Amino acid sequence: MYRYDDYDQQIVRERVDQFRDQVRRRLGGELTEDEFRPLRLQNGLYLQRHAYMLRVAIPYGLLSSDQVRKLAHIAREYDRGYGHITTRQNIQYNWPELARVPDLLDELADVEMHAIQTSGNCIRNITADPLAGVAPDEIEDPRPYCEIMRQWSTFHPEFAYLPRKFKVAFTGAENDRAAVAYHDIGVRLVRNDAGEVGCRILVGGGLGRTPIIGEVIQEWLPKRDLLSYCEAIVRVYNLHGDRKNKYRARIKILVKQLGIDAFRAQVDEEWARIRDTGLALTDAEIERVAAYFTPPAWRPEAEVDDGRTAERAAQDPAFERWLRRNTMKHRAPGYRVVMLSLKSKHRPPGDVTDAQLDGIADMADRWSLGRIRTTHDQNMVLTDVAENDLFALWQQAAELQVATPNIGTLTDLICCPGLDFCALANAGSIGIAKQVTERFDDLDYLYDLGDLKLKMSGCINACGHHHVGHIGILGINKNDAEYYQIMLGGSEADDASLGKWLGPAIPKADLVDAVSRLVSHYLAVRDSDSERFLDTYRRVGPKPFKEAVYV
């Protein structure tokens, strides 16, 4: 895990001191809200419907147990006892008092954390595959390159005021778990015909008001050129992006207008000017950063798996369900990756309490080398759990209410804060998520549905990624009432696709019944028990599903 050096620590502390003075001047009336707004956004502070919201950066989703304990403390001391894991692997606090935010940021700096560039028109928090470093299908760990890009982009003098926000995602695996096709820049580590690992670069992806799947701009780029080529992309965008209409300001619109070939030509021209100006990554620099992510000394399989876990699973159906749904293969024999579900009937999706955070930190120290990840699906992960420790871990996770065996199912849904918190929302999301969780609480039925991704947003900005859900739900305001549009067929994985609208918006009171009819129809028409909802939809098309919903 990357550790701050003196320079990192200095710039974070100086930013806290700077913001403390800005808050003092705002509270003293020396700054108007309009003057204060860009200053607070540079520090991750939003003004929501009821209070300020602070978004804390979790670079590429990686946390230490000490950092998680600090996040628990902040939830208790500065908020209302919980935080919210976002679809960009960050954590948000919904109730901080403005006067105390500088103290909160100061405490974050104690554990090498901050809220810099989690908002505003800049390069945002770099995200990555949550299984980076432990996935069996990984070509190369992408986290060193995430960290290199984090350092390059933080306080970049030319990119502090881009036409619009800018998001970057990395994966180093054969299977995309980072949704790279839906980012302004997506980076995949791939091998060329000679077996060398380099970067496939995608550009111009994104959701929101105008959802677009990104296009490949470089099929294979040497790793040494990663920064210079990405800088060329952002320079072209910074020069030509629309600054007059924020709805047309994202790079995806520029790429679409020009076409990928013309956009590539402009990037290549800019790249030729800057690639030899000190941005090339040397082997020594890559190795320096990669040393922070050296794999741990996993113990031999014979020491960590004596067969007891399999015996207990055979004797305990509840443990077997959790083992099957909430753990995944690990690159090291005898280890498993454990997904901690933040989806239950007790809390909104992605919410995690201070007690849970403390408990998760304890579990990480005891069973997972002190490391925790956050995911795009608003869950948390322990990546290095020995087979023999799974039963004890499951027992503690169940006590903490983070062991719901529903990973990858309909109730493992994504949900934005919606009208409960967000000033931009048109309809609620949290209440609908609760209804879905309660309606589909029969595990046997849930497992019969198989892998099914439901994603929900309270407005067109798509923070809940509804365009790429197998079932997507968008809240709208219709005659001052909450209505919901359904779309089907989206995917954020390697088979990337955008969902299509199914029909007219549905009143809030009827929405969960409509979802029930959708999944019932899927069970009736799928051609085998193993055919996913998405595959069935692609095979039969929207018509039968529309007929099932709009009875």
field: Unique residue being closer than 23 Å to residue 462 by Cβ, surrounded by 21 or more Cβ atoms within 10 Å (Cβ to Cβ), not assigned by TED's automatic domain parsing to the domain that holds residue 286 and not basic (Lys, Arg) when the list is 185, 126
entry: 126
- prompt: Restricting to the range 496-530, what's the tally of residues that are assigned to a loop (DSSP other than H, G, I, E, B), touching a residue at least 12 places away in the same chain (Cβ under 8 Å), surrounded by fewer than 22 Cβ atoms within 10 Å (Cβ to Cβ) and not hydrophobic (A, V, I, L, M, F, W, C)?
  reply: 5
query: Hey, any hits in the range 116-123 for a residue that's in contact with a strand residue (DSSP E or B) (Cβ under 7 Å, 6 or more places away or on another chain), closer than 24 Å to residue 365 by Cα and crowded, with 22+ Cβ neighbours inside 10 Å?
result: no
- request: Kindly check whether there is at least one residue in the range 214-224 that is farther than 18 Å from residue 263 by Cα and either buried (at least 21 other Cβ atoms within 10 Å of the Cβ) or within 16 Å of the chain's Cα centre (by Cα) (or both).
  value: no
- prompt: For the range 314-333, what are the residues that are in contact with a Lys or Arg (Cβ under 9 Å, 6 or more places away or on another chain), farther than 14 Å from residue 368 by Cβ and surrounded by fewer than 19 Cβ atoms within 10 Å (Cβ to Cβ)?
  reply: 320, 329
statement: Flagged pairs (Cβ under 8 angstrom, 6 or more apart or on separate chains; first in the range 150-179, within 23 Å of residue 207 (Cβ to Cβ); second of a type in the set (Phe, Trp, Tyr) and part of a loop (DSSP other than H, G, I, E, B)) are 153/159; 166/159
- prompt: How many residues are surrounded by 15 or more Cβ atoms within 10 Å (Cβ to Cβ) and either farther than 15 Å from residue 122 by Cβ or in contact with a helix residue (DSSP H, G or I) (Cβ under 6 Å, 6 or more places away or on another chain) (or both) if we restrict to the range 234-263?
  reply: 16
field: Some residue of the range 233-246 being hydrophobic (A, V, I, L, M, F, W, C) and in contact with a strand residue (DSSP E or B) (Cβ under 9 Å, 6 or more places away or on another chain)
entry: yes
statement: Considering residues that are crowded, with 24+ Cβ neighbours inside 10 Å and polar (S, T, N, Q), the number found within the range 380-395 is 1
task: Answer yes or no: is there a residue in the range 69-89 that is under 18 Å from the mean Cα position of the chain (by Cα) and part of a helix (DSSP H, G or I).
output: yes
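The values are calculated or read from the model by the stated rules, or taken from the named source; none is laboratory data. Quantities reported herein were computed from a predicted structural model and do not represent experimental measurements. Please note: Cβ atoms are built from the backbone with ideal geometry, for glycine as well, and neighbour counts cover all protein chains shown.
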